[in-house]
Structures are given as structure tokens and as C-alpha cells.
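Worksheet for the structure shown next.
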């Protein structure tokens, strides 16, 4: 098997994590997985959603969007259509859940962090790049809160990262770009914590169902990829 | 460990599948997983979405809704709010993908089947009950299409069913009801085909991440549960 | 004249009223007028709309919906379209007004009862079936409030029921099913109280205007039909 | 009994019908029932709604709106809220149905007439004033179509007018203004054709149910009022 | 050059300002610039938008709408489409800004005046007619507030009026009607205060860019026109 | 007078124009006016809006958006609110009109170019930066169309650029950043063509009206600024 990208099956694309990419957000990270570029901005607010008020606990949520021409052909702007697509909603819920698993929400106090993940350029794997970058922006926001004495201890429990794996031409491959993703039979997104804990496993058979053996193979590749990504996150954060 | 429901870890709730529940739909199934009751109506139309026109292939899609008082406290009606929730969108996309894996879309011709899954009463596991019931309604609609000579061969590739599994009090349990789901650490929804092929795996750590061992345990329970559910589907269809 | 249904002009369809149809709602009634089946769930809340706050009076309101495939051909789901149709809005306002006439709102205290009327299967007369069933669900909700000491006296003034009448082939007929309704010249919906008081009269000439004589005939049939329906409501409630 | 307005029970408010009120519409009528002023503009289009295409028949529809400050306290603008209220939808459906009863839709050919009824100033009875004025605007639009040879024969079957009647202080009164309407027990809107045919009867008990005797009384008053209104319409049209 | 309207380049259309046009609003003005007729209703409320609360300052805002058949061909009703057009939004923001420049918002106290500008008939220049009429309605509302002792001193700083100017056939012309506007190369809207202060200048090249010389010419015409309009406003207000 | 930015009154911020910033769009430009950064992506489509079909002429339109955290405090995401703000609509209409003045639409054939202007980081003047950058992206898209033989001659008539000017502390200043804009009395946006033709002049008195003399001063500064910007555009394009 030869991947369209020429990469080895277990090889990530070149990953770049640039902190302080914009100047207003409490955490601002541009994450690049090859040609996929996502800007992740973390905003801190001293207010929690209604269902949490008065309970002493915080919240982390995410929003996701693609610039209309981040893709090969222009997509209609969701703000102009007046509606977020089902795909958008699904992805931003996934990012939010994943990041909440990284943090002790009680230590966050009654504060909310919103992570905006906006895709500047898309080439497959935008949701996994978003989670990986958003976790770095989240750490920067948490550091800001500690510096500003909004919180007194560090709520971070675990770094969290995500990667996609798939079955391409019968074989498991890591971190699919768009051409690979388009012709893969199965697409799985894996979110894991630094300590190896699994946070989200979302495997979908696009065409043929996949076997348990393939599933295990994908899981293996994914775990190794996430280890590598968490290394890169920590390096970016000088942890 | 004692489940709140008193069931054994690997025990499904009593499942009932009632065909021809309403009289207008080409397939109409009431599926009950214990106190969870979902009405699945399949509608056949001789038209496909724009992106498929002229390609000789068919489509299967699903919509999902909960009656406002299907739950313990009344939920606002989505039609009145003018918006489907993120959860609704996520679920109906999952049901649609799962059912498309059951069918050879080319044999369906340029026809679309829409499966409406409406929750009459909710007690946990509505999405997995919906997929399990919808597949039976789908088969009835395919039979209708063959009787009416809309199609000449049977597009069904595989029966498909779904079940939830979770980690409750540290142990894997099958088919969680609402009280169990509310206090489980992990919730996984599994969609599989009759031949053991995996279609969707969606595992989510609600609180603590889960380990690979727990994941394997859940997978094992889920597979057995789905085998049982497919047996019940076939019985209902006299297959 | 021969009605398509074979019924005598003054003959109701078989009516069934099933209480406690679902388990969460404070009142839950499945009402069947022949093949028309409507689920009426009453929900009690200790809050009134803004315009009533602080006035010591309660409120009753209704919402109405049809499952997409309750009808012969599938109707688009209102939640997906993001908008309730004009017909839906008109019907739910009628149901709400009718039920408010059954109750002494001051005795209700600052509480609101919402009745969700969801059409499971449609064959004409869904709004009159809904009112008739909703009044039974309302009584169950009022009993619940008394049992739970939310209110101390019974706010029910009058049972309320509704029926349609029309001019079919020049003659007045009671309780039209869908084929009759489609070819009737006039459609009138009548809502009356147990004591013979008139609550709503809505007569509409679909094609030709109707004469006063026809109007009087319809009124006569309708009154008799409502008497019969109120008898059935009371039987169901063991009043 | 003394009406707040000082009028006799069977007395209409001063009615004025001004044709050609604006210059663009094919029919443009300002109708005044006392202080209630509604501008009714009829627009002719050579296109029918989708459900009528290719059937050789025409359509008449209506839209209704209130200027935000047509009322005592400012109402939010529906265009700004992004939604028409239930009341608006109900009224515009009523106006459309009423006008369709005035016309032989087959003689209209595949053309549509839309009547916009916009309330400039409100003092009760806006919907009945709207129907009464809209029918005059409709006749002007039909005359325009004949002049322009869009149609070759006159589709008008019957003039149509509308009036409200109510029970005020136990007695039936005609054409209620806002203070009367606010304290009436029952509000009935009556739409009738020139030949005495009944088109719409919508009686609603606001507080206490009404008796059949009261209903008959209201019907009597309403019929006389409509006769008078149709006389005024014809005078305005020099019929 | 000959204007389609036959007017001299610097000649306004006949302008009429009718106060107290409807009876509910605190200021109600029908303004006519030739065949353009706009109803401007000012409503006083003792509440300011959230961003101003507790600051002791008031607010003035405007809403704008066109009746569907105010124009040559019927425009869809914005309330029915569920959305105000970009043009509507732009115009109502302009009206609001212009009127706020007329008033000392601190002297207004924590009160808001909303001016609804509804176009009854359109023939070009609706936004400039609206501003000119709205300022008169605003003065009436301010007088009302003083009479009712809601405020103790007059917040009016300056009368404000507006006019359009354009380049037609190479020459600057004042107050364009619809046929002139449709074939003009440049359209400029000018809002000025009584003391000659400039409030808004909005010049737009529809086809060819305009030169500075043309711009100066337009400015000159516009200033003279506004002087004339402010004279007419004051006459109407007997200032 | 000392500007908060320390710049001379007639001094632009450092301007950077980076072409080919993303890889999918036919023209992709990141424009920076100091800390204001806007990504302008031009997309070519072989389809024009309905009102232009069959007329042999093309169209240019623009959409504008701000990333939620492009600003000092997070703004709600318009796609999530389901509505573009009035400000957004106003700005994207302005950008579209400005760019259409740069191009001979007939030479464009029946093709449309959409320019998406998305603000990555905001510090005042986002609309003028957007126009200036969008014109460069537009030229790249026109070059692409010529290379691909979609069009045979160059439709560009004129480079177009935009700048803001204002009155700060009584004196005219060029290209205001956010702190300057917030405390300026007047804000004017100027769009001009390479040949000195004026395309848009939008001056708004935020507090006090401005005098003609101030207006002339602002115009002078603006013209010089635009000359400089057009020089930078040409340099970027190697014109």
C-alpha cells in the first residue's frame, strides 16, 4: 500500500503549534497538521451557564467554524445562512467534551472558558487538529487565570490530544489528509489523555463495516500518534 | 456491584418490536427497550437529494425527535423554539449513517427512504433503540418497494442493531436505563451489522477517562447484546 | 346520501380514551376517534407566563404537533424547518383557549399546565380529538395537583369536548374522517362545555357558503355529539 | 345597558372606504371603522403557488400586519423579531379564506392576487375591517385585470364583508371598539356574502361560555351589520 | 439637461408635514416628499437598552419598514420572510444615528424614544424623507415628555433634516425621485443640523466614480435643500 | 495634539499585504493595517445571481465576518446566533459596492467573484483594510480567470483602496486605530479609485456634528492615504 501523501502508515503530518497567534485572547494558538490550519482562541469569562450557577463549579465549551474558503470549493457562510450545520454542531460538542475531560471543573471556580476553533485552511482532520490546539490554548488561559489570581490552583488534570485514523486500501493509517480521508473506508477519531486514558472513540464505517482486528490496529496507531502529539504540545508549552 | 435496575451486567431490558404500529407509513415499528419507547416510521419517496440526482443511486436518511413530555420534566418543543438541538442533530445523523450501512444504495435506485424516529417515552438509550427499531421499519419499506415493483431486487445487505454499554461503578454493563446512564462514568454506543462488522463505535468519558481494558470489556458486552437484538429483529420479521 | 364511512349522519366514530398512556406526564391520555390517534400529555409547572406574574392566577396553554408520517404522505418535520405552520399555530391556540374555559384559573394558583397534543396517526378531526383528550389529561393533572397539595380545591368548572360537523353532499354529518372532510363543502368545529355552554364555534365554507338552516342543523348534530363525548370522558375518569 | 361608545347595540361605527389610496397597487383601499384604519393593497401576479401550477385555476391570499405603533402601547415589529405572531397568522389565513369565497378561482386563470392588509391605527375589529376593505380592493384588482385583458370575464361571485359582534354586559352588541372588546365576554367574527351565505363564523367565549340564545342574537345583529357594510362597499364601487 | 421630473436642479419636490397623523403615538407625523409618503411614529418608553442602564442617559433608536406594496412591484413582507433585508438594517441604523445627533441624551434621562418609519408609498428618497419627518415626530415626543413632567428641560439641540443629491446626466440635482434615482450615476444622502453642522454624508458611485468637483456641487445643493427642509419642519412645529 | 498611537496626523499604520495566504482560494490575501489583520479570499464561480442571469454580465459580492475573539472581549459568533448583525450587513454591502466599481462587469462574463473578508484580529479600520486587501485578492482572481481562459480580457478598470479619517481632539487624523476611533468625534470612511475618482464617502458624526472645513481636511488626508495604499497594492502585485 502507498498512501497518497507518501507518508508511512504510522506517520503524522508535520505539526506546528504557534502560541500567542493573536493578541486579544487569553490563549491563542494556531495549530497546523500539514495543510490543515486551525486558529484556537480561548476566552475567559466570570460567568457560567445557567444550569451551573451557584454550584461553585466552572465550565469549558467550544465553538467551531470554517472560513467559507478554507476548503477547495467555497462553502456558504453559516452566519449568512442563519444556521450552523449538523456537522459543525457535532464537532463543537466533541471539542467541548474533550476539553472538559482535561480539567478539574471545580478548581475552575464559577468561570467559563470558551474555545473558538476557526479553520483557516482545511485539508482533513480539522476536528482533531482543533482539539490538539485548543488544549494548548486552554493551558495558556489557565495560566492567565492563575497569574491574574482568578484561580489559586491549577485545574489541569491531563493534557488531551486527538488524531484521526482510518482504513485506507485495507490497512490502518494515521492522521489522514483530505485525499486520503475521501477514499478511506473507515474514519476514526480518537481523543486521549496524557496518561493513556481514553476520552472519545468515534469510529464510523463510511462504506464497508470494519472488523475488530482493524479496529484494534487503528487504536494502536492512534495511541502512538497521540503520544507524539502530546509531546509536541508540551514542547510548545515548555512543560 | 448491583445495577439500579437489578439486571445482570450483560442483561438487556425486555425488548418488544411491534410492526405496523401506524397505518400510513411504508414501515411502522414501535420499539421498546424497557420503558424507552420509540416510534420508527419509514417513508418511501421517488426522489433523492440534489447531490445524488442522476447517479442511479438511492439514499437513506433519518430524523429524530422527542415528544416534549417523553421525559421526566417537560422539554421545550423544538418546532416551537424553531431549532433542533445539537443533541438531536447528532443523533439523527448517527441513525442515518447506521442505516445506510445496512443497504446497497445502488440497488435502491433513485429512491429515498426517510426514517422518522420519535420518542414517545424516554428511559435511556433512545438512540440505540431507535436504530434497532428503524432497521426493522426499513426492511418493511424495502419489502413494500419490492411488492410495488419499485425495485426488483432486495437491497438489504445486513441487519443492523445498536446498544449502549457503560462503566457503572467500575464495571461494564449493557443497555443502561436513565438512572444508570446518569451515574455512569462512560457511555458507549455501538452499532454493528449482523455479520459482526462494526459500523459505529462512539465512546465518551463523561467523567473519568476509561482504560483500554474497560473499552475491551464494553465491546465484548455490546457485541453479545447486538447479537441478541438482531435475533429479536429477525424474529419480528420472521426472517 | 351515503357517507363514505358508512356511518349514520349523527354517528360518531368509535372513541377510545386511554389514561396513563405514558408514565412521566402528570396527565397522559391517548384519545382515538376512529383512526385518528392523539397523545395528550399534561405537564404541571409552578410558574406562569410573564404577563400573569404576581397576580395569583394560573394559566393553561397547549402545543400541537403532527408526527411527520402521521399522514398519508410524509409532511416535513416542523422542528427541521425551524417553523410551525400557520395551521399548527391556529390549532394550538384553539386548544389552549378551549381548555382555559374548563377551569377557574384563580383556583389554579400561580401554576401553569401545558398540554402537548401530538398526533400519532391522522384521519380527520385531529383538533377536536385533541381537545376532547386534552380535557381528560387536564383533569388528571388537576387531581395530581390536589394529591400533591399544590392546590387545595378543584379548579375544574366544566368538562369540555369538541367535535367537527360538516355539510356532506348537502346534508349535515357528524365527526368527519379524512375522506369525508376532503369532499365536504363546510367544516365546522364546535367546542362546548358539559352544561351546554358554547366555547368555540368555528365554521368555514370551504367551497360554497352555507345557509343559516344548514348552520342550525350542524349545531344540532354537534351538540348531541359533544354530549356523547362528555359521557365518554366521564366514564374514562369514573366521574 | 350603555355601551362605552354610546352607540346603540345594533349600530356600526362610522365607516369610510377610500379607493385609490396609494398609487402603485392594482387595488388600494383605506377602510375606516371609526378609529380603526386599515390599508388594503391588492397586487396581481401572473403566477400561482406550486400546488396549483398547471391546473388553470387562480389563487387569492392575504397578509396582515400592524404598524408597531398602531396600538396604545408600542408592539415589537414582527420583521425585527423575525417571526409573525400566532394572532397575525390566524388573521391572515382568515382574510385569505374569506376572499377566496368571493371569487370563482377558475375564471381567475393562473393568476394570484395578494391582499396586504396593514393596520395604520387600531381600535378593535381590525380583522373585520380588513376583510371588508380588502374585498373592495379585490374588486378594483379584478377590474384592472379585465381592463388589461388578463382575464376576459368577471370572476366576482359575491361581495363579502365582515363584522364583529359580542356580548357586552349580557347583551349582544355590533362592531365592538377596543374598550368594548376588552370587557366583552364573547367575541364573534362573522364573514358573510352578499346573498346571505355564511362564509366564516368564529365565536369565542373569552370568559363565560355563551348560550345558544345569545349566539342567535349575535348572528342576527351580525347579519344586519354585514348588509349595511355591503351597501357601503357597493356605494364606494358605484355598483 | 432636463430632469425627468421637470424640476430645476436645485428644486425640492413639494413637501408636506402632517402632525398628529395617528392618535396613539407620542409623536406621529406623515411626511411627504412628492409621492414618497412615510409615517413616522415616536414612542416613549421609560427604559433604556442594557448597555446604558444605570448611567443616567437616554437613547433614541429607529426602525424602518416598507409596506409590501409601497413600491411599483410587490416586495415580500419582511415579517413573513423572518428577516429584515440588509438595506432595511442600513437605513434604520442611519435614521437612529441621525436623530441621536439632534438631542442631548443626558437631558433625556433614562428614557428611550423609538421612531418607527413606515413607508406607505415610495418614489425615491424614503430614507431622507424618513429622517426629516422623524425629527418632527421626535420634537412632538419631547414636548409630550415635558408636558408629562417626565423630563424637566428640553433635550433638543438642533433640528435635523436630510435630503438626497445625485449626478444626473453629468449635473448635480436635488431630491431625486425614483425614475431619476434609477438612472443617476451617483447618489448621496446628506444629513445636517440646523446650525449647518454635518451629521452624515453618504455618497455612493453607482456606476462611474464621481469627481471632487461633483462632490462639492452636490454638497452645495444639499445644504441649500436642507435649509429649506428645516424651514418647513419649523413651520410645521410653529417654531 | 498628540495621537494615542504617537503617529503623525497624516501617517498610516504599517501596512502589509501578503498574497497566496491560503491555498484553495483563487485570490487569497492577508492584509494588515497595524494590528488589524483581515484575510480576504476571492472565490470564482460560473454562475451569477438570479437578477443577472442571461444578461451576459458578471457580479462581484462580498461577505464579512469577525472571528469571535478578534476583539478585546469575545463577541458572540454570528453563526451561533443565527443572524448577522446590522453592522456586518452594512460593511459587507459597502465592500461589495466598492469592488464592483473597480471592474467592468460586462467583461467578467456570467461569472461571480465572492470575496470573503474575515477579521483575524481587530484594532480599528477593519472595513477599510478589508476593501484594500480584497481588491488585491480580486486582481489575483481576475488573473486566474485569464490564465484559465474563463475570460479573455482584463476586466480591471481601476485599483480601489479605502482608508478611515477622523477628527481627534479637533484635528483631522488618518487611519485610526481602535483607541483613537473610540474617542474620535467623527469617523469617515473613504473609498477611492486609482484615478482619484470617489467611490464611497461615509462620514458620521459620533458626537458633535462636523464642519465643512473639517470635512475638507479629512478628505484631503484621506486622498493622500489612499494614494499611498494604492502604491502598496501595486507593489504587492508587481504592477
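Every number here is computed from the coordinates shown, using simple stated rules; none is lab data. Given the structure is predicted, the values throughout are model-derived calculations rather than measurements. Note that we place each Cβ from the backbone using ideal geometry, even for glycine, and neighbour counts take in every protein chain shown.
For peptide B:119-125, compute the average count of partner chain beta-carbon atoms within 10 Å of each residue's beta-carbon. Walk me through the intermediate numbers first.
Working: counts 0, 8, 8, 2, 2, 0, 0.
Partner Cβ neighbours, averaged per residue: 3.
Using a 7 Å offset from Cα along the direction of the beta-carbon, what are the separations from residue F:6 to the same position in each other copy, nm, ascending?
For residue F:6, the other copies' label points sit at 4.7, 6.7, 7.9, 7.9, 9.6 nm, shortest first.
Please arrange F:98, F:183, F:43 by counting, for each residue, the other beta carbons lying within 10 Å of its beta carbon, fewest first.
Values: F:98 29, F:183 13, F:43 21.
Exposure proxy ranking, most exposed first: F:183, F:43, F:98.
Under the definition of partner shielding as Cβ atoms of other protein chains within 10 Å of a residue Cβ, what is the mean value for peptide A:87-100? Write out the running numbers ahead of the final one.
Details: counts 3, 4, 9, 7, 0, 3, 4, 3, 0, 1, 3, 2, 0, 3.
Mean shielding by partner chains, rounded to a whole number: 3.
Can you give the FRET efficiency to the nearest 0.05 for residue A:195 and residue F:73, using r as the Cβ-Cβ distance and R₀ = 51 Å?
Values: r = 35 Å, r/R0 = 0.69.
My answer for the efficiency is 0.90.
Over segment B:9-127, what is the mean sequence separation of C-alpha contacts under 8 Å (at least six apart), divided by residue count, expressed as relative contact order in percent? All intermediate terms of the calculation are to be shown ahead of the outcome.
On the way: 220 pairs, mean separation 43.4, N = 119.
With pairs under 8 Å counted, the relative contact order is 36 percent.
Taking the Cα atoms only, what angle lies between the long axis of helix D:212-236 and the longest principal axis of chain D, rounded to 10 degrees?
Around 50 degrees separate the two axes.
Which residue of chain F is nearest the rotation axis onto chain B, counting by its Cβ, and what is the distance in whole Å?
F:82, 5
Can you pull the semi-axes for segment E:183-231, root of five times each eigenvalue of the Cα gyration tensor, sorted largest first, whole Å? Don't jump to the answer; show the numbers that get you there.
Values: eigenvalues 92, 19, 18 Å².
So the three semi-axes of segment E:183-231 are 22, 10, 10 Å.
At 1.306 mPa s and 10 °C, plugging the Kirkwood radius over alpha-carbon pairs of chain F into Stokes-Einstein gives what diffusion coefficient in µm²/s? Each step should come with its number before you reach the end.
Working: Rh = 18.2 Å.
This corresponds to a translational diffusion coefficient of 87 µm²/s.
Placing a label point 7 Å from Cα toward Cβ, how far apart in nm is residue C:50 from its equivalents in the other copies, listed shortest first to one decimal?
Values, ascending and in nm: 1.2, 1.3, 3.5, 3.6, 3.8.
Just to be sure I understand: if I project the alpha-carbon convex hull of segment E:99-174 onto a plane and average over all orientations, what area do I get in nm²? List each step's numbers first, then the result.
Numbers: hull surface 24.2 nm².
Projected area, direction-averaged: 6.0 nm².
Run the numbers for residue E:51 and residue E:238: contour at 0.36 nm per residue of separation, minus the present Cα-Cα distance, in nm.
Details: separation 187, 0.36 × 187 = 67.32 nm, distance 3.61 nm.
Value of the extension gain: 63.7 nm.
State the Cα centre-to-centre distance between segment D:160-239 and segment B:63-94 in whole Å.
42 Å
Treat the count of other C-beta atoms within 10 Å as a stand-in for reagent exposure and order C:66, B:75 from fewest to most.
Values: C:66 23, B:75 16.
Ordered from fewest to most neighbouring Cβ atoms within 10 Å, C:66, B:75 come out as B:75, C:66.
If we hang a label 7 Å off Cα along the beta carbon direction at residue A:146, how far is it from the matching labels on the other copies, in nm, shortest first?
Going from nearest to farthest copy, the values are 5.7, 6.3, 6.3, 6.5, 8.8 nm.
Can you give the relative contact order of segment C:15-237 as a percent, counting alpha carbon pairs under 8 Å and 6+ residues apart? Don't jump to the answer; show the numbers that get you there.
Working: 490 pairs, mean separation 46.8, N = 223.
For segment C:15-237, the relative contact order is 21 percent.
Can you tell me the FRET efficiency between residue F:185 and residue E:85 if r is taken as the Cβ-Cβ distance and R0 is 30 Å, rounded to the nearest 0.05? Write down the numbers at each step before the final one.
Details: r = 31 Å, r/R0 = 1.03.
It comes to 0.45.
Once you have all Cα-Cα distances for the protein assembly as shown, histogram them in 20 Å bins from zero and send the whole-percent values.
9, 31, 37, 22, 1
Among A:85, A:182, A:153, which one shows the highest mean-square fluctuation when chain A is modelled as a Gaussian network with alpha-carbon springs under 10 Å?
A:85
Any idea what log10 I(q)/I(0) is at q = 0.15, 0.18 Å⁻¹ for segment B:43-137, Debye with uniform C-alpha scatterers and no solvent?
Result of the Debye calculation: -0.63, -0.84.
Output the peptides F:215-226, B:121-132, C:210-221 sorted from most to least packed, where packing is the average of other Cβ atoms within 10 Å over each peptide's residues.
Numbers: F:215-226: 20.4, B:121-132: 27.0, C:210-221: 18.6.
Put in order of decreasing packing, that is B:121-132, F:215-226, C:210-221.
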